[in-house]
Each structure stands twice: as structure tokens, then as C-alpha cells.
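Encoded as C-alpha cells, here's the structure I'll be asking about.
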Amino acid sequence: MDAVTTHDEIRELLGTPLPRVAHKTRKELHEYDKQWLAASPFCLVATAAADGTCDVSPKGDPPGFTVVLNDTTIAIPERPGNRRADGFHNIIDNPHVGLIYLLPGRGDTLRINGRAGLVRDADFFDRMIVRGHRPALAVVVDIEEVFYHCSKAFLRSALWTPETWQPTAAPSRPAIAKAMERPDDDLAVLEEYYGAKYAESIYRA
């Protein structure tokens, strides 16, 4: 492989961004950003540990789950999960986070970078209650950069085009669990566990 090892090589291969692209980052939320956050039901949260190992965790809830505290601060609720808490442990050691907010059907995305902290309780937690579940903690992000990313990746992948979807192209979730995580469990038991009732338990601790 012909490796690329310098910043100059990157610029030689990819070129220089247009001024409007190079300088599009902002430090505060615009009203349009707030509208986007109010409509978004899903984001990806990227973190890194002190040693540089990385994690990207999906976060999803009804639209508007991210609470805007002010023009430079947002909060994301935690929901019951597998308790690995990889991203949370990373934030303790390294507060830098990167977020990408999606709107279903839209190719452009809202990106927010900043420094995060964990909060176990605050007045705004009451605004995060869903199906009677009040989060045990929230990630509070002090915004350092906010900007929009174009739709080219979504257009190339045809991600939102239903005709391209192939959910059965890879093994099912029960099959993956049987092969890699719960080999002693019967596949039928796993199929029932991940069946229709699974969605009923997503807000239970």
C-alpha cells in the first residue's frame, strides 16, 4: 500500500476546500440548528479514551430528545442499554465528543463538536421523560463547533431509498447473538427475545 503520512499529501490528493466550506463552522446554535435538533430522533456520539481508542454510540428517542439548554449547550439523555457505557467511560477520561444528527429522509446532517460531561440529575431531566422513564444520567455538551454536512454520502449510498434496503442480506440479530454472544442459548429463545416484545422493553432498566 502507498501510504499517505503527511498533511501536505492529503492536500495534494484532495485539494483545498473552498473558503465557504473551510470557514463554515460556528460556535453557537442558530435558530435553524435548534429546529433541526427539535426534529431529529437520532444521533451518533463519537468519543475517544485517554489512550486514543474510539467508540461511536447511537442515541435515539422521539424527535427533540436532545435538550437545548442555551445557545452553546445541549444535553442528551441516556436510556437503558447493555451497561457497557463505553462512551461514558471515555468522557470521564477525555471530554471531547463529536455528534452527527440525522433527520430521516434527509441527506444533509447537523454536526456538533465539543466537550462533554456527565450529569446524574438536573431540572431539565423532567423534560427528558419518555414512557415514564426519567434518565439516570445525561451527557451535557459545551459546543465548540457546529455546522452542516452535505448529502453526498447519503446520495451515493441511497440510504433513504427503500428499494435499496436489504435487511435480510446479513444474518438476523438472534443468529448473531447465538454465534457470538450467547452460544448456550437456543436460537428459538433468542428469536422470541428479539421478537415483537423487544420494543416494549426499551425504556425498562
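Find all pairs meeting these conditions: Cβ atoms under 7 angstrom apart; at least six residues apart or on different chains; first residue within the stretch 188-205 and closer than 21 Å to GLY60 by Cα; second residue in a helix (DSSP H, G or I).
Qualifying pairs under 7 Å: TYR194/ARG173; TYR194/PRO174.
Okay, residues lined up against (1) among the basic types (Lys, Arg); (2) assigned to a helix (DSSP H, G or I); (3) surrounded by 16 or more Cβ atoms within 10 Å (Cβ to Cβ); (4) at pLDDT 95 or above:
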| position | (1), (2), (3), (4) |
| --- | --- |
| ASP2 | no, no, no, yes |
| GLU12 | no, yes, no, yes |
| ARG20 | yes, yes, no, no |
| TRP36 | no, yes, yes, yes |
| VAL56 | no, no, no, yes |
| ALA75 | no, no, yes, yes |
| LEU110 | no, no, yes, yes |
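To continue, here is another question. Suppose the filter is of a type outside the set (D, E, K, R), open to solvent by 20 Å² or more (accessible area, probe 1.4 Å), touching an Asp or Glu at 6+ places or on another chain (Cβ under 9 Å) and assigned to a loop (DSSP other than H, G, I, E, B); does ALA46 pass it? Before you say what the answer is, go through the steps one by one.
Details: of a type outside the set (D, E, K, R): yes; open to solvent by 20 Å² or more (accessible area, probe 1.4 Å): yes; touching an Asp or Glu at 6+ places or on another chain (Cβ under 9 Å): yes; assigned to a loop (DSSP other than H, G, I, E, B): no.
When the stated conditions are applied, ALA46 does not pass them.
Consider VAL130 against the criteria (1) closer than 30 Å to GLU28 by Cα; (2) open to solvent by 60 Å² or more (accessible area, probe 1.4 Å); (3) not small (Gly, Ala, Ser): it satisfies all of them except one. Which criterion is unmet?
Only one criterion is unmet by VAL130, namely (2).
Yes/no matrix, rows are residues, columns are (1) more than 12 Å from the chain's Cα centre (by Cα); (2) aliphatic (A, V, I, L, M); (3) over 17 Å from GLY105 (Cα atoms):
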{"site": "LYS27", "(1), (2), (3)": "yes, no, yes"}
{"site": "TYR32", "(1), (2), (3)": "yes, no, yes"}
{"site": "GLN35", "(1), (2), (3)": "yes, no, no"}
{"site": "ALA39", "(1), (2), (3)": "yes, yes, no"}
{"site": "VAL45", "(1), (2), (3)": "no, yes, yes"}
{"site": "THR53", "(1), (2), (3)": "yes, no, yes"}
{"site": "LYS59", "(1), (2), (3)": "no, no, yes"}
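Moving to a separate point now. Pick from the stretch 117-138 the residues that are of a type in the set (Gly, Ala, Ser) and part of a loop (DSSP other than H, G, I, E, B): which of them is nearest to the chain's Cα centre (by Cα)? Full working, then the answer.
Of the stretch 117-138, the ones of a type in the set (Gly, Ala, Ser) are 117, 122, 132, 136, 138.
When the remaining residues are screened for being part of a loop (DSSP other than H, G, I, E, B), the result is 122, 132, 136.
Numbers: ALA122: 22, GLY132: 23, ALA136: 18 Å.
Checked the stretch 117-138; the qualifying residue nearest to the chain's Cα centre (by Cα) is ALA136.
Considering PRO183, PRO171, PRO167, which residue is modelled with pLDDT of 95 or more, assigned to a loop (DSSP other than H, G, I, E, B) and under 21 Å from LEU44 (Cα atoms)?
Numbers: PRO183 fails: under 21 Å from LEU44 (Cα atoms); PRO171 fails: under 21 Å from LEU44 (Cα atoms).
The unique qualifying residue is PRO167.
Scan the stretch 84-101 and tell me whether some residue there is touching a strand residue (DSSP E or B) at 6+ places or on another chain (Cβ under 8 Å), touching a residue at least 60 places away in the same chain (Cβ under 8 Å) and open to solvent by less than 60 Å² (accessible area, probe 1.4 Å). So that I can check it myself, show each step before the final result.
Taking the stretch 84-101 as the starting set, the residues that turn out to be touching a strand residue (DSSP E or B) at 6+ places or on another chain (Cβ under 8 Å) are 86-88, 90-92, 94-101.
Narrowing the set further to residues that are touching a residue at least 60 places away in the same chain (Cβ under 8 Å) leaves 101.
Checking the rest, the ones that are also open to solvent by less than 60 Å² (accessible area, probe 1.4 Å) come to 101.
Checked the stretch 84-101: at least one residue is touching a strand residue (DSSP E or B) at 6+ places or on another chain (Cβ under 8 Å), touching a residue at least 60 places away in the same chain (Cβ under 8 Å) and open to solvent by less than 60 Å² (accessible area, probe 1.4 Å).
Something else about it: Restricting to the stretch 90-116, give me the number of residues that are within 16 Å of the chain's Cα centre (by Cα) and under 17 Å from ALA50 (Cβ atoms).
Within the stretch 90-116, residues that are within 16 Å of the chain's Cα centre (by Cα) and under 17 Å from ALA50 (Cβ atoms) number 8.
Same structure, new question: Search the stretch 58-73 for residues being in contact with an Asp or Glu (Cβ under 9 Å, 6 or more places away or on another chain) and of a type in the set (D, E, K, R), and hand back the single one that is surrounded by the most Cβ atoms within 10 Å (Cβ to Cβ).
The selected residue is LYS59.
The values are calculated or read from the model by the stated rules, or taken from the named source; none is laboratory data. Predicted model only: the values in this text are computed from it and were never measured. In this analysis, Cβ positions are derived from the backbone assuming ideal geometry, glycine residues included, and neighbour counts consider all displayed protein chains. We work out accessible area using only protein heavy atoms, side chains counted, and drop any ligands, DNA or RNA first. Shrake-Rupley method; radii C 1.70, N 1.55, O 1.52, S 1.80 Å.
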